[in-house]
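K.L.:
Here you go, one structure.
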Amino acid sequence: YADLQAYENRWQALFDNALDAILIADDDGRYVDVNPAACELLHIERSDLLGMTIANFTYSEIDVAQMWQQFLQQGRMSGDFPLIRSDGTICEVEFAAVANFVPHYHLSILRDISARKRIEAERRRAELELREISEALSNAVEG
């Protein structure tokens with residue numbers, strides 16, 4: 001029993017201290033457990049987050065029911081999407097999800113990639129500006 005308790009304590013410590021958001025949902029997609037990083041990412045208290053679904057944090061145009069069924073059928077899903085936090089702010093997240101990682105429970109891990117997306121957009125703008133300057137200089141020299 002002591003070994004089992006030590007094992008459980010290690011897994012709980014991992015869950016509680018993970019830097020990425022970890023959310024566990026039931027078959028209806030309702031969150032039954034979340035780690036502190038999930039609460040921080042979504043700007044919401046754990047007690048308020050439990051019982052919610054991803055639909056509470058996505059744009060209304062997204063057909064969450066269809067996505068949920070597709071996820072359950074495929075067994076795995078990953079990608080990125082904009083997420084609307086409880087305070088209305090928007091962040092970009094990448095996610096990986098596993099259906100039935102334990103029977104009837106589904107695991108999602110989310111990472112905030114907003115800063116990375118901003119940097120990529122700034123890099124693209126800078127590259128475009130440099131290309132325009134280079135073309136303008138080339139035209140001036142030729143002309």
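The values are calculated or read from the model by the stated rules, or taken from the named source; none is laboratory data. Just so it is clear, the model here is predicted, and its values are computed rather than measured. Ideal geometry is used to build each Cβ from the backbone, glycine not excepted, and the neighbour counts take in all protein chains shown. SASA here: full protein model, heavy atoms, side chains in, ligands and nucleic acids out. Shrake-Rupley method; radii C 1.70, N 1.55, O 1.52, S 1.80 Å.
K.L.:
For the stretch 47-143, which strands (runs of 3 or more DSSP E) that fit wholly inside it have 1 or more residues that are surrounded by fewer than 11 Cβ atoms within 10 Å (Cβ to Cβ)?
P.N.:
Counting at least 1 such residues, we get 76-84, 90-102.
K.L.:
Within the set of pairs 6+ apart or on separate chains, which have a first residue in the stretch 97-118 that is over 22 Å from N17 (Cβ atoms), a second that is open to solvent by 70 Å² or more (accessible area, probe 1.4 Å) and basic (K, R), and C-beta atoms under 8 Å apart?
P.N.:
Qualifying pairs under 8 Å: A99/R76.
K.L.:
Let me ask something else. Just for the stretch 19-46: of the residues that are more than 14 Å from the chain's Cα centre (by Cα) and small (G, A, S), which one is surrounded by the most Cβ atoms within 10 Å (Cβ to Cβ)?
P.N.:
The extreme case among them is A25.
K.L.:
Which of the residues spanning the stretch 18-35 are outside any loop (DSSP other than H, G, I, E, B) and under 17 Å from L83 (Cβ atoms)?
P.N.:
A21, I22, L23, A25, Y31, V34
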